[in-house]
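Below is one structure, written out as C-alpha cells; the observations come after it.
The values are calculated or read from the model by the stated rules, or taken from the named source; none is laboratory data. Just so it is clear, the model here is predicted, and its values are computed rather than measured. All Cβ positions, glycine included, derive from the backbone under ideal geometry; neighbour counts span all protein chains shown. Heads up: the accessible areas ignore ligands, DNA and RNA and are worked out on the full protein's heavy atoms, side chains in. Shrake-Rupley method; radii C 1.70, N 1.55, O 1.52, S 1.80 Å.
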Amino acid sequence: MISVDGLTVEFSGSTLFSDISFVINEKDRIALMGKNGAGKSTLLKIIAGAQTPTRGRVSAPADAIIAYLPQHLMTEDNRTVFEETAQAFAHIYEMEKQIEELNKQLSERTDYESESYYKLIEDVSTLSEKYYSIEETNFDGEVEKILLGLGFERSDFTRQTSEFSGGWRMRIELAKILLKKPDLILLDEPTNHLDIESIQWLEEFLINSAKAVILISHDRAFVDNITTRTIEVTMGRIYDYKVNYSQYQILRTERRQQQQKQYDEQQKMIAETEQFIERFKGTYSKTLQVQSRVKMLEKLELVEVDEVDSSALRLKFPPSPRSGNYPVILNGVSKSYGEHVVFENASLTISRGEKVAFVGRNGEGKSTLVKAIMKEIDYTGELSLGHNVMIGYFAQNQASLLDEELTVFQTIDDVAVGEIRTKIKDILGAFMFGGDDSLKKVKVLSGGERTRLAMIKLLLEPVNLLILDEPTNHLDMKTKDILKNALKDFDGTLIVVSHDRDFLDGLVEKVYEFGHKRIKEHLGDIYSFLSKKKMENLREIEKKN
C-alpha cells in the first residue's frame with residue numbers, strides 16, 4: 001500500500017494543488033483526469049520521486065518498486081536494444097561489481113586486526129547477503145523473453161536504439177519497466193507512440209499481470225478498458241471515484257449539477273439576508289437579529305462550483321473543390337531502403353469522398369506510403385493522383401516543425417495569403433488562441449497547443465484530399481472529439497494514419513492494414529477489423545500449436 005499525504009505544490013506565487021491525500025492499493029488501476037494544466041503530470045512525477053512537493057509526502061514500503069514511464073522518452077542512444085533493456089537489472093550488476101571490488105581489497109590487504117578491515121568484512125557480508133537473497137534469475141533469458149513478447153526480432157537485439165522509431169523506443173522503456181516487476185506502474189500518455197497491436201498487448205498486460213497502475217491518457221478506449229478508479233484533479237483538489245472513465249463522466253456531471261443547485265440556493269439566501277440587514281440596520285427592535293445575520297454571513301463557508309473547461313474550439317474545414325473520381329491509385333508499388341523491404345507490390349484505389357484508415361505496427365510502412373503519395377520519396381511501380389487533387393497534409397512531427405522563435409500570430413501570418421489575412425485574429429480565437437495567447441512564442445506552447453496551431457495551417461487553403469498522420473497525439477479528449485466531428489463533415493477524401501480506436505470509430509469505413517511487407521484492404525469500420533484480427537491471430541496460434 002502506497003499513501004499520498006497532504007501534497008501541496010506552489011510555484012510563482014500560485015498553488016497548483018493543496019493538501020491532496022489518497023491511498024493506492026494493490027490491484028488499483030487508476031486514471032488521473034483533469035483539464036490541461038491541472039497538475040496531473042506533476043502529481044505523477046511526485047509519486048515517482050522525480051519531483052519534490054512544497055509540502056506533504058508519499059509513503060511506500062521500503063522494498064516497494066515504483067516504475068515511471070514519462071511522456072518524453074529517456075532512452076540512451078549509445079546502446080543496443082539488448083543492452084538498454086538490460087539496464088532494468090543495472091542495480092544487480094552494480095552489486096556484483098561492488099562485491100568483486102570488496103573481495104579484491106580483502107585479498108590484497110594485510111592489516112587483519114584493523115578496524116577498517118573488520119568494516120570491509122562487514123560490508124562484503126551485508127552486500128553478499130542482499131545479493132544472494134535476490135531470486136536466482138537468468139537475466140539474459142528474461143530480457144530475451146520480454147523483447148520477443150513486445151514484437152522485437154532476435155536480429156533487432158544488437159541494433160542501436162537510435163535506429164528505432166518512437167513507438168519501438170517506447171517498447172524498450174516498457175520492457176525495462178516490466179522486467180523490474182514493479183509494485184506500482186506510472187504511465188504518462190503511454191499510447192502516443194504505440195500502434196494498435198502494441199496498445200492491445202499493453203492493455204492485456206496491465207489488466208492481467210500488473211500490480212497497481214496510475215495512468216494519464218487521452219485515449220478514451222484504452223482508459224475505459226483498463227481503469228477501475230478515476231481521480232480527477234480540479235481547482236487544486238481531487239475527487240476520487242471508484243469507477244472507470246465513462247462512469248466517472250456521468251457521476252461528475254451529477255456532482256456539478258448538485259454543486260450548482262447548492263450554490264444557487266446559497267446565493268439566494270445571501271441576497272435575502274443582505275436585504276434584511278440593509279432594511280433593518282437602523283431599527284432598534286431588530287438590532288440583535290441584524291447583528292446575528294451579519295455574523296452568520298461572516299462565518300459562512302461559500303459553496304464553490306468546480307470549473308468546467310468551457311473553452312470551445314470551432315473547427316470546420318472549408319468546402320473542398322471537386323476532384324477526379326479516384327484521387328489515389330496504386331498499382332504494384334514497392335519501397336525498399338537498401339536491403340530492407342518496407343512493402344512490395346501494393347495495389348489499392350481510394351475513391352472520391354472515401355474516408356480510410358492506415359493501421360499496422362510501427363515501421364511497417366504507413367508513413368512511408370504517405371510520403372510516396374506526397375512525392376517526397378521515390379518508389380517503384382505506378383502511383384497516380386486523380387484530376388485536380390489538392391492535398392492537405394498533417395505530418396506526424398508537424399507540431400515540432402514549427403519555428404519556435406515565432407509567435408502564434410506570426411506563424412499564421414507567414415502562410416496566410418489574400419483575404420484570409422484580415423481574419424487571422426478570428427481564426428486564432430476560434431482555435432483558443434484569443435487575446436494575449438496569439439502573442440505567445442511557439443517554444444512555450446504545450447504539445448496540444450502546437451498541434452492546434454499546425455491544424456490551423458491546414459485550414460488556410462481549400463483541399464480535397466486530407467492526409468493526417470497521427471493527428472491526435474497530444475490532443476485532449478474534447479479537442480479530439482471536435483476534430484473527429486469536423487472530419488466527419490469534411491466533404492473531400494480522407495486518409496488518416498492513427499492508432500486511436502476511439503477516434504477512428506465512426507469516422508472511417510475502410511481499413512488498410514500494413515504488415516509483413518503487404519498492404520491488405522479490409523471493408524468495414526475499425527472495430528470489425530479488430531475483431532477479425534483477433535480471430536486471425538487465434539487461428540495462427542492454433543496453427544503453431
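Okay, here's what the table says:
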| read-out | value |
| --- | --- |
| Gly49 in contact with a strand residue (DSSP E or B) (Cβ under 6 Å, 6 or more places away or on another chain) and over 27 Å from Lys478 (Cα atoms) | no |
| Residue within region 383-394 that is buried (at least 18 other Cβ atoms within 10 Å of the Cβ), hydroxyl-bearing (Ser, Thr, Tyr) and more than 27 Å from Pro318 (Cα to Cα) present | no |
| Residue, nearest to the chain's Cα centre (by Cα), within region 285-310, restricted to residues that are open to solvent by less than 90 Å² (accessible area, probe 1.4 Å) and closer than 30 Å to Glu232 by Cα | Asp309 |
| Residue tally, condition of a type outside the set (Ser, Thr, Tyr), part of a helix (DSSP H, G or I) and open to solvent by less than 70 Å² (accessible area, probe 1.4 Å), over region 124-143 | 6 |
| Test: residue in region 462-483 that is in contact with a Pro (Cβ under 6 Å, 6 or more places away or on another chain), among the polar types (S, T, N, Q) and either at pLDDT 80 or above or open to solvent by less than 10 Å² (accessible area, probe 1.4 Å) (or both) | yes |
| Matching option when the condition is in contact (Cβ under 8 Å) with a residue 24 or more places away in the chain and more than 25 Å from the chain's Cα centre (by Cα), among Ser367, Ser351 | Ser351 |
| Residues satisfying the stated conditions in region 16-36, i.e. farther than 24 Å from Phe205 by Cα, in contact (Cβ under 8 Å) with a residue 60 or more places away in the chain and open to solvent by less than 80 Å² (accessible area, probe 1.4 Å) | Leu16, Phe17, Ser18, Ile20, Phe22, Gly34 |
| Matching strands (runs of 3 or more DSSP E) fully within region 355-444 where at least 2 residues are farther than 30 Å from Gln200 by Cβ | 380-385, 391-394 |
| Test: residue in region 209-219 that is free of Cβ contacts under 8 Å to residues at least 60 places away in the same chain, more than 17 Å from Ala48 (Cα to Cα) and charged (D, E, K, R) | no |
| Count of residues meeting criterion [polar (S, T, N, Q) and either open to solvent by 10 Å² or more (accessible area, probe 1.4 Å) or under 24 Å from Pro190 (Cα atoms) (or both)] in region 484-517 | 2 |
| Region 178-208, residues that are β-branched (Val, Ile, Thr) and either more than 14 Å from Leu150 (Cα to Cα) or touching a Phe, Trp or Tyr at 6+ places or on another chain (Cβ under 8 Å) (or both) | Ile185, Thr191, Ile199, Ile207 |
| Any hit, region 151-164, residues being open to solvent by less than 70 Å² (accessible area, probe 1.4 Å), without any contact (Cβ under 8 Å) to a residue 24 or more places away in the chain and outside any helix (DSSP H, G or I) | no |
| Of the criteria (1) within 29 Å of the chain's Cα centre (by Cα); (2) open to solvent by 20 Å² or more (accessible area, probe 1.4 Å), which one Asp413 fails | (1) |
| Among the residues listed as Ile121, Ile146, Ile185, the single one being in contact (Cβ under 8 Å) with a residue 60 or more places away in the chain and assigned to a helix (DSSP H, G or I) | Ile146 |
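The rows are residues; the columns are (1) more than 40 Å from the chain's Cα centre (by Cα); (2) at positive phi; (3) open to solvent by 70 Å² or more (accessible area, probe 1.4 Å).
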| site | (1), (2), (3) |
| --- | --- |
| Asp219 | no, no, no |
| Asn225 | no, no, yes |
| Glu232 | no, no, no |
| Gln249 | no, no, no |
| Gln257 | no, no, yes |
| Lys268 | yes, no, yes |
| Ile277 | yes, no, no |
| Phe280 | yes, no, no |
| Thr283 | yes, no, no |
